[in-house]
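Below is one structure, written out as C-alpha cells, with a few remarks after it.
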Amino acid sequence: MSFDQSRYHEDGPLTTLLQRELSMLGPILDGVFGVWGLHVRPHTHAPSALPPHLLSAMVELTQTPNGSLIGHTRCEPQSLPFASESFKLVIAQHVLEQCAEGDEVAAEIARVLAPEGVALFFGFNPVSLWRPWLARRAPRDLRFRAAGGWRDVLIRSRLDVLQIRYSGLWSPWAISAGKREDAAAPAWTRSFGRFGGSWLLLARKRRSALTPLRLAAVRSDLKLKPSLVPGARRECA
C-alpha cells in the first residue's frame, strides 16, 4: 500500500494524537495571562484549535515540508522576526524534531519568550511504536529524541523545565484510521505512561536577575560635615 507523504498529517491515528496533545493543554492555559501567544504547528493539515485561553491574541505559524514557517509571517524557525521577550506563551508542536538546527530553534524560542512566560514543547516518543509508523509515512527523516535530551537543551537556553508529561496512544495501530479515540476502549489500547505516543515539556523562562548598582564612594567632606540638601530648612522652637 502506498502513502501520500505530503498528507501524512491527515492520517487518522496521527490526527487523533495531535488533537489529544492540544486538548491536554486546557489546565495549563488557564494559568497563563498576557497579550501575545505563539503557536507553531507541525503541518498545514495538523489540528489547530486550542482550548480556551486568557491571551488576547495568538500568532500562528505552520512548518512547511522544507522546514520554513508560514502563517502570520514567513520566516525560518531559528530566526523568528519577533522582538525579544514578546510572548507569554509559546507552543511548539513537533517542531524541534523536524529541524536540523533543533538546538538553535530552542534557543530562539527562549529568546522571544517573556520572563515568567510558559513554553510547551511536544515531540514524538522514540520508545513508542509511533517511531516505525512515522518512518514509513513522514516525507523526511524525523530526529527522534527523548524528552530528557531536550530538557538539557532547554536548560542551556535559560529555561526551567518544570514537568515532563506523556500523552497519546502507545501504538498507532490501536485505533482505526479516521476514527476518534474511544474512552471505553480496552485499557491496552490507551496510553501506557512513558510509552505514550508523544511527550510534553513544560518550561518557564527565568526572570532576569537584577544587576546591583555599584554604590558611589562616600565623600569624606560629607561624612565629616553633613549638611542639609538645598532647599531644606531647620525649624527652631
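Every read-out reported here was derived from the displayed coordinates using simple, explicitly stated rules and does not represent laboratory data. Not measured: the values here are computed from a predicted model. Backbone-built Cβ (ideal geometry, glycine too); neighbour counts: all protein chains shown.
Odds and ends about this structure:
- Gyration tensor (Cα) of segment 5-208, equivalent ellipsoid semi-axes in angstrom: 26, 18, 16
- In this label model, GLN163 and ALA135 are separated by 3.3 nm, measuring between points 7 Å along each Cα→Cβ vector.
- Note on THR73 and PHE33: with the Förster distance fixed at 22 Å, the Cβ-Cβ geometry gives a FRET efficiency of about 0.35.
- If R0 is 25 Å, the Cβ-Cβ spacing of ARG204 and ALA57 corresponds to a FRET efficiency of close to 0.75.
- Virtual spin-label span in nm between VAL127 and SER84, 7 Å along Cα→Cβ: 3.8 nm
- Note on ARG111 and ALA49: with the Förster distance fixed at 25 Å, the Cβ-Cβ geometry gives a FRET efficiency of about 0.35.
- Computed packing ranks the peptides 160-172, 110-122, 87-99 as 87-99, 110-122, 160-172, most packed first, by mean other Cβ atoms within 10 Å.
- One chain, two ends: THR64 and ASP152. Fully extended at 0.36 nm per residue, the span grows by 29.0 nm beyond their Cα-Cα distance.
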